[in-house]
Amino acid sequence: MSLKAKFKSFFPFSKPDIGQKEIREVVDSLKSGWITSGPKVLKFEDQLKNYLNSPYVLTLNSATAGLHLALLALELKPGDEVITTPMTWLSTVNTIINAGGKPVLIDVNKDDCNIDLDKLEKAITNKTKAIIPVHFAGLPVDIDKLYNIAKKHNIYVIEDAAHAIGAEYKDKKIGSFGDIQVFSFHPNKNITTGEGGCISTQNKNIAEKISIMRFHGIDRKSWDRFSKKGSQDYEVVYPGYKYNMMDIQAAIGIHQLCKLDKFIDKRTLLANRYVSKLKNIQEITLFKQPNYSHKHAWHLFTVLINTKKLNRDEFMSFMKQRNIGTGLHYKAVHLYQYYKNKFKFKYGDFPNAEYISEKIVSLPLFPNMTIQEQDNVINEMKEILK
Ligand SMILES: *Cc1c(COP(=O)(O)O)cnc(C)c1O
């Protein structure tokens, strides 16, 4: 195999696009004397409410914190069950456990890696409190179908929308309707604040609970302290958490959010090019787009490596030899030791997730990636697979 590397230095699978405005805004925070939750957090939350078209948005220091607080707001009792999918990041399952629930998994669709809603009703018991669907890679699940089932059985929906800021379902933004949505601003996600995340909800009661729990259980907006109007007195109504976002983080987010739609346009352009250039390669299987109307946020572009010539791990290491980074999203959660032991999951429980989990790889995709770089990635893939 000829190793004429097209990339002289390592080309990552993801890279945040941080501009001068973000840098200046962070410096402004640092020089202002107020670096933790303050005016920039408030501004970022207002911008998010506006963008998401949502009355209640609460920023946090991660989406993991968001999932945890969303579940705590539902006040699970011992033995309560929460349904989710094995094709997700560990946070989804860990937060269910840490909020006192029992994770119940159902398989994904083979076609798009989203939760298989046809399996949902059978998984619901009288202990089911909530379902956490993941909008995988930024593709919204069939939300009408999901909420119809959830309403019928009186269970909450917490959408793990870590991949899906900017995505739409039937012309409505994810985050503008439904029970609770949780977004991530981790550096690999569609916009970043370093670490960070937020919750969106239409429910005032849930928003108030989360607002109290995210900062020590103190019953008043924490940032009132930085203004003169805030009183120094407060009451503690819950043994809360330290999950608030800092102004330094919000400083980045304020400018990232302004660029989000452009980022998604570029991601969409690159994703469509990947599809058109990879669809005739035998060794690669692409996911399909569902029939309902939607806008994909294209957080990830994933394919299945489907050939006897080499497995996915070998493909990833050959790509690395050629200086190209790839990602693994995800190894199915039920195959990890802790969950296997604790909840008696075993290989064979979720055949679609297992099939995808063995073959899936995330290809480079980020807003600053050029067409030339993408063509180089595709050409290197073709050489590896031939
Ligand atoms: C990234 C991610 C999370 C966690 O986000 P953090 O902001 O890193 O806590 C949760 N769920 C999914 C599906 C993710 O991809």
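Where a number appears in this text, it was derived from the coordinates with a stated rule and is not lab data. Everything numeric here is computed off the predicted structure, so don't read it as measured data. Reconstructed Cβ throughout: ideal geometry from the backbone, glycine too, with neighbour counts over all protein chains shown.
Excluding residues fewer than 8 places away in the same chain, name every one of the aspartates and glutamates whose C-alpha is closer than 14 Å to that of residue 309.
283, 383
Rounded, prolate or oblate: pick one for region 1-126, where a ≥ b ≥ c are the square roots of the eigenvalues of its C-alpha gyration tensor, a/c under 1.5 means rounded, and failing that, prolate if a/b is larger than b/c, else oblate.
Judged from the Cα gyration tensor, region 1-126 comes out oblate (a/c at least 1.5, b/c at or above a/b).
Which whole-number percentage describes the relative contact order of region 1-155, with Cα contacts under 8 Å and a sequence gap of 6 or more?
It comes to 16 percent, rounded to a whole number.
Quick one: dipole size for the chain, taken about the Cα centre, charges +1 on Lys/Arg Cβ and -1 on Asp/Glu Cβ, in debye to the nearest 20.
Its charge dipole is roughly 600 debye.
Compute the Cα gyration tensor for region 230-386, then decide on rounded, prolate or oblate, letting a ≥ b ≥ c be the square roots of its eigenvalues: rounded whenever a/c is under 1.5, prolate when a/b is larger than b/c in the other cases, and oblate in all that remain.
Oblate, because a/c is 1.5 or more while a/b does not exceed b/c.
What is the chain's relative contact order, in percent, from Cα pairs under 8 angstrom and six or more apart in sequence?
Answer for the chain is 24 percent.
If you average the alpha carbon positions of region 272-303 and of region 57-122, how far apart do those two centres end up, in angstrom?
Result: 26 Å between the Cα centres.
Take each of the peptides 28-39, 95-106, average the number of other beta-carbon atoms within 10 Å over its residues, and list them starting from the highest.
Result, highest mean first: 95-106, 28-39.
So for each of 335-347, 238-250 I average, over its residues, the number of other beta carbons within 10 Å; can you give me the resulting order with the highest mean first?
Sorting 335-347, 238-250 by mean packing, highest first, produces 238-250, 335-347.
So what is the relative contact order of region 73-121, in percent, for Cα pairs below 8 Å that sit 6 or more residues apart?
Reported relative contact order: 37 percent.
On alpha-carbon atoms, Rg over Rh for region 79-132 using Kirkwood Rh?
0.96
Quickly rank 305-312, 266-273 as a protection proxy: mean count of other C-beta atoms within 10 Å, highest first.
Ranking the peptides 305-312, 266-273 by packing returns 266-273, 305-312.
How many percent of DSSP beta bridges within the chain run antiparallel, rounded to 5?
If I count the DSSP bridges inside the chain, around 65 percent turn out antiparallel.
Once the Cα gyration tensor of region 141-270 is found, what semi-axes does its equivalent ellipsoid get, as square roots of 5 times the eigenvalues, in whole Å, sorted largest first?
29, 23, 11
How far apart, in nanometres, would the label points at residue 265 and residue 98 be if each is projected 7 angstrom from Cα along the Cα-to-Cβ direction?
Each label point lies 7 Å from its Cα, and together they span 3.8 nm.
Could you tell me which residue out of 330, 293, 315 lies farthest along the dipole of region 280-367 toward its positive end? Charges go on the beta carbon: Lys and Arg +1, Asp and Glu -1, centred on the Cα centre.
330
Suppose we look only past 27 Å in the calculated P(r) of the chain. What percent of the Cα-Cα pairs does that tail hold?
The answer is 51 percent, as a whole percent.
Whose amide H sits under 5 Å from the amide H of residue 104, counting only residues 5 or more places off or on another chain, with H placed in the peptide plane?
Under 5 Å from the amide H of residue 104 lie the amide H atoms of 82, 83, 84, each far enough along the sequence or on another chain.
Which value in nm describes the separation of the simple spin-label points at residue 344 and residue 125, placed 7 Å from the Cα toward the beta carbon?
1.0
Quick check: the angle from helix 247-278's long axis to the longest principal axis of the chain, C-alpha only, nearest 10 degrees?
For helix 247-278, the angle is close to 20 degrees.
For an R0 of 25 angstrom, estimate the FRET efficiency from the Cβ-Cβ distance between residue 286 and residue 371 and round to the nearest 0.05.
The formula returns an efficiency of 0.80 here.
Once amide H atoms are built 1.01 Å from N in the peptide plane, which residues 5 or more positions from residue 128, or in another chain, come under 5 Å H to H?
HN-HN under 5 Å from residue 128: 81.
Can you spot the lysines whose alpha carbon is less than 20 Å from residue 8's alpha carbon? Ignore those fewer than 8 places along the same chain.
By straight Cα distance, residue 8 reaches 320, 382.
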